[in-house]
Amino acid sequence: MTDHPRRTGAPSGTEPGASADAPVREDEYTVPVPGGDLAVTRWGDGPGTPVLAVHGITANGHAFARVAAELSRLGGPPLLAPDLRGRGRSGRLAGPRGLAAHADDLVAVLDDRGVGATVLVGHSMGAFVACLAAVRHPERVAGVVLVDGGHGLPLAPGTDIDAVLGPAMARLRRTFASPDHYREFWRRHPAFAGRWNTWTDRYVLRDLVGEPPAMRSACDEAAVRADGGQVLADPETLGALARLRRPARLLWAARGLMDESPGLYTRERLAGLPGHVATVELPDDNHYSPLFSPTAALVAAHVDGIVRETADAR
């Protein structure tokens, strides 16, 4: 077990009137995986088996900081969130690439902490990884909470990740003069306009590497493209939710990546889901916002609910 804390006991971010405004213990460490070391953040000191959070395709583990704080407020377990290979502080981690590699890395994180089976919570691409991990490693996954992801949708032939993610992909090839310039890039994004807070700010700045005036995203574009191709077209990835044999909840946002309506999912698009997958609409959120807005409390409540539901199975 490796443990190299970089930050301990620091608040994970607050905003006026937020319910999760108490300091939450935060520790960072690394876990050896094929190709190097995976950066992981642990939040909370609550009782029980830590839950494991899996972020989106160009995100990092700090996307879950507010969910972790809300989970702690509920008296729930700690939350572990790796920066997936090719992102955040795992940005320079070499291959292997692909969603199966991420699923194997999650098992390495659990092994490092001595965790047998636990609940996974995944957002966007991370929801697909969570489903794939549950299918490939069923003995390690007790249940899943999926946030606006995990269920594949029919796409026109030839659709690529640039067409789906738009500005999120374009920024991987840009440089930024300073942290303030990067912050302003994101503040202008339609999904974050009018929704900015300290949780968002810390998450965004964690993605920034290099020195002024040529700072850039930590995301490895080749890794993003490899993962995106599988989310869009890989049969194993797209079929994982249907093969899942664990309790699952899918929380879907009414608005999309650019705050457009409708979002990725609608009631009609989710009509064919297996019966064991409960669905919950997030009517006031877009694809990004559930992890940073007050909706994070609802996400945490569903995670805590799955933890309690599956406790006997572990």
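Across the chain, C-alpha contacts under 8 Å between residues 6 or more apart give a mean separation that, scaled by the residue count, equals a relative contact order of 19 percent.
Normalising the average separation of contacting C-alpha pairs (under 8 angstrom, six or more residues apart) by the number of residues puts the relative contact order of the range 46-177 at 23 percent. Taking every DSSP helix (H) stretch of at least 4 residues in the chain, weighting each as -39,500 (n - 2.57) and dividing the sum by the residue count yields a mean residue ellipticity at 222 nm of -9500 deg cm²/dmol.
Comparing Leu153, Gly166, Ser178 along the charge dipole axis of the range 141-200, the residue lying farthest to the positive side is Ser178, per the Cβ-charge model.
As a rough guide to protection, the peptides 260-269, 218-227, 144-153 ranked by mean Cβ packing within 10 Å, highest first, stand as 144-153, 218-227, 260-269. For the chain, the dipole from Cβ point charges (+1 on Lys and Arg, -1 on Asp and Glu) about the Cα centre works out to 120 debye, to the nearest 20. Normalising by residue count, the range 174-218 has a Cα convex hull of 65 Å³ per residue. Within the shell defined by Cβ-Cβ distances under 15 Å, the residues around Arg183 carry a net charge of +4, with Lys and Arg each +1 and Asp and Glu each -1. Hydrodynamic radius of the range 153-265 by the Kirkwood approach over all distinct alpha-carbon pairs: 16.3 Å.
The antiparallel fraction among DSSP beta bridges confined to the range 26-313 stands at about 40%. Applying 1/(1 + (r/R0)^6) with r as the Cβ-Cβ distance of Ala233 and Ala108 and R0 = 35 angstrom yields a FRET efficiency of 0.85. Placing a label point 7 Å from the Cα of Leu205 along the Cα-to-Cβ direction, the residues of the range 53-70 whose backbone N falls under 20 Å from that point are 59-69.
Note: relative contact order over the range 162-255, using C-alpha pairs below 8 Å and six or more positions apart, is 27 percent.
Modelled spin-label separation between Asp162 and Arg92, with each label point placed 7 Å from Cα along the Cα-to-Cβ direction: 2.8 nm.
Within the chain, which complete DSSP H helices have Cα atoms spanning at least 15 Å along the helix axis and a mean Kyte-Doolittle hydropathy of -0.5 or higher?
Going by DSSP H runs, the hits are 99-113, 125-136, 221-233, 295-310.
Taken over the range 64-112, the ratio of Cα radius of gyration to 2.2 N^0.38 Å equals 1.35. Identify the residues of the range 204-228 with backbone N under 20 Å of a label point that sits 7 angstrom from the Cα of Arg187 along the Cα-to-Cβ direction, or state none. Those under the cut-off are 204-209, 212-217.
The candidate values are [x] 134; [y] 153; [z] 120; the one derived from this structure for volume of the Cα convex hull per residue in Å³ carries the label [z].
Values in this text are rule-based calculations from the coordinates and carry no lab data. All figures in this text were calculated on a predicted structure; none of them were measured in a lab. Every residue, glycine among them, receives a Cβ derived from its backbone with ideal geometry; neighbour counts consider all protein chains shown.
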